[in-house]
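S.K.: What follows is a single structure, and I will ask about it in a moment.
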Amino acid sequence: MIGNDIVDLAQSRLESRWSRKGLIEKLFTPTEQQLIKNHNDSEIMVWLLWSMKEAAYKIYNRQTKIREFSPQKLICSLNSLNDTIAFGEVSCLQNKYYTKTVITTENIHTIAVNDFNDLNNTIEIDVKNKQIIKDQFGIPYLKISSSIFKDISISHHGRYEKVVTFQ
Amino acid sequence: MNRTELTEKLKEIIKPYAANTEAHENLTEETDFIKDLNINSANLVDIVLDIEEKFDVVIDNADMERMLDVKTAIEIIETKLAAK
């Protein structure tokens, strides 16, 4: 399965005040709060961790059909991080997801998968001329033929829309 | 505070975050924050913090988890107010 999340940093600066009192404590576990505090650019770490949670939640929601706002149940850890790319893991109850995040000055984009090796197997597509259907839970699929449907994840924020699936 | 007053107060809190202003104008207890009002999920926490400030209550993680629509939000606020 696949999930993805894009944060438009210009948009998040308009609509979110991440430094608001109490906000970090509601969204992030104590360990994640330390990552934010200790990183040289706290804003980037906030949205990096947030996009990891959102991308992982999309798989969790696809698997379980459960809808909830439970950011602290999606527990992030980072395996590697530099200025432009981050690899990490998100666990949620007994489930574990692997993430790859691309960081630019304009946006932060995370793709999450169930199996680490699948991270090399994802592709961004253009939805033009493609047929996307949603099931009763609002979960999207890419229609390949009358009987073949592929998992697809759609994320839009501000100036961006990202659609990802497996190759 | 009765349920109508509470709903009105909640409606005011939600207003700045609701991308769909028409759906916000016609808000009912059945209105879903994300599906109907197109509220960005990152702003759900702002709604929770605003509720805590405006109603002087504490919303724990278990309550926050369920706060995806007007009806559930009202029920949680009512329970918190009754416990004060």
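S.K.: Rank the residues A:Arg62, A:Arg17 as a footprinting-exposure proxy: fewest other Cβ atoms within 10 Å of their Cβ go first.
M.R.: A:Arg17, A:Arg62
S.K.: Mind sorting A:Arg67, A:Arg13 by how few other Cβ atoms lie within 10 Å of their own Cβ, fewest first?
M.R.: A:Arg13, A:Arg67
S.K.: Determine, for A:Phe149, A:Phe137, the number of other Cβ atoms within 10 Å of each Cβ, and report the residues in order from fewest to most.
M.R.: A:Phe137, A:Phe149
S.K.: In Å and whole numbers, how far do the C-alpha atoms of the range B:3-82 stretch along each principal axis, longest first?
M.R.: For the range B:3-82, the Cα spread along each principal axis is 32, 27, 19 Å.
S.K.: Could you please report the charge total around A:Ile66, scoring K, R as +1 and D, E as -1 over all other residues with beta-carbon less than 13 angstrom from its beta-carbon?
M.R.: Summing Lys and Arg as +1 and Asp and Glu as -1 gives +4.
S.K.: Distance between Cα centroids, the range A:97-159 to the range A:18-84: provide it in whole Å.
M.R.: Value for the Cα centre distance between the two parts: 19 Å.
S.K.: OK, next. Would you mind getting me the FRET efficiency between A:Glu25 and A:Asp135? Use the beta-carbon distance for r and R0 = 30 Å, nearest 0.05.
M.R.: 0.30
S.K.: Measure of size requested: the Rg and Dmax of the protein assembly as shown, with Cα atoms as the atom set and Å as the unit; please supply both.
M.R.: Cα only, the protein assembly as shown: 18.5, 58 Å (Rg, Dmax).
S.K.: So which aspartates and glutamates pass the test for A:Lys73, namely a Cα distance under 17 Å, with those fewer than 8 places away in the same chain ruled out?
M.R.: Candidates past the 8-residue exclusion: A:Glu25, A:Glu32, A:Glu54, A:Glu89, B:Asp60, B:Asp63, B:Glu65.
S.K.: Hydropathy first: keep DSSP H helices in chain B averaging at least -0.5 on Kyte-Doolittle, then drop any whose Cα extent along the axis falls short of 15 Å, and list what survives.
M.R.: B:41-55, B:70-82
S.K.: Restricting attention to the range A:68-167, which trypsin sites (Lys or Arg not before Pro) occupy a DSSP loop and are surrounded by at most 13 other Cβ atoms within 10 Å?
M.R.: Within the range A:68-167, the qualifying trypsin sites (Lys or Arg not before Pro) (loop, at most 13 other Cβ atoms within 10 Å) are A:Lys128, A:Lys130, A:Arg159.
S.K.: Over 25 Å between Cα atoms: which of A:Lys65/A:Lys96; B:Lys15/B:Lys71; B:Lys15/B:Lys35; A:Lys26/B:Lys84; A:Lys58/B:Lys9; A:Lys58/B:Lys54 fall into that group?
M.R.: A:Lys58/B:Lys9; A:Lys58/B:Lys54
S.K.: How much length would be gained if the chain were fully extended between A:Leu93 and A:Asn38, taking 0.36 nm per residue of separation minus their Cα-Cα distance, in nm to one decimal?
M.R.: Fully extending the segment from A:Leu93 to A:Asn38 adds 17.2 nm.
S.K.: Could I ask something else about it? Calculate how steeply helix A:42-64 sits against the longest principal axis of the alpha-carbon atoms of chain A, using the helix alpha-carbon long axis, and give the answer as 0 to 90 degrees to the nearest 10.
M.R.: Approximately 40 degrees, to the nearest ten.
Values in this text are rule-based calculations from the coordinates and carry no lab data. Predicted model only: the values in this text are computed from it and were never measured. Here the Cβ is made from the backbone with ideal geometry for all residues, glycine too, and neighbour counts use every protein chain on show.
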